[in-house]
1. So which pairs qualify, if the first residue must be in the range 34-46 and touching a residue at least 24 places away in the same chain (Cβ under 8 Å), the second must be of a type outside the set (K, R) and surrounded by 11 or more Cβ atoms within 10 Å (Cβ to Cβ), the Cβ gap must be under 7 Å, and the two must be at least 6 apart or on different chains?
2. Quick one: would you say S62 is over 16 Å from the mean Cα position of the chain (by Cα), assigned to a helix (DSSP H, G or I), at pLDDT below 70 and of a type in the set (S, T, N, Q)?
Amino acid sequence: MEHISIKLENNFARQIEKAMSEFNYTTKTEFIRESLRDKLKALEGERAKKKAWAALFAARGSLKGKGKFESDGDFYKWRKEVFSKELENEFREKLAVKG
């Protein structure tokens, strides 16, 4: 296991201690480890989301001019109404499986 030292401002350290007592953490290490795990999960979700949006944007070019979308506005409307919901559900399921 690797050791990492950090310095925190007094106010920040007090906020951590308050949260620790409120949510039953026994040590600062336990609190910080869980916080880091949560942040890494969130970043993984963001990474997957960026990848999906990049793929969608690349596919948009192949659909343009083929009658699917008459304008960029039509594409953005479709993306917002349909694809965003599908993408959100997919990532919610993936995060639930990983968690």
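1. Matching pairs, first to second residue: K41/L95; G45/F91; G45/L95.
2. yes
The values are calculated or read from the model by the stated rules, or taken from the named source; none is laboratory data. Only a predicted model underlies this, so the values are computations on that prediction, with no experimental measurement involved. Here Cβ is always computed from backbone atoms with ideal geometry, including for glycine, and neighbour counts include all displayed protein chains.
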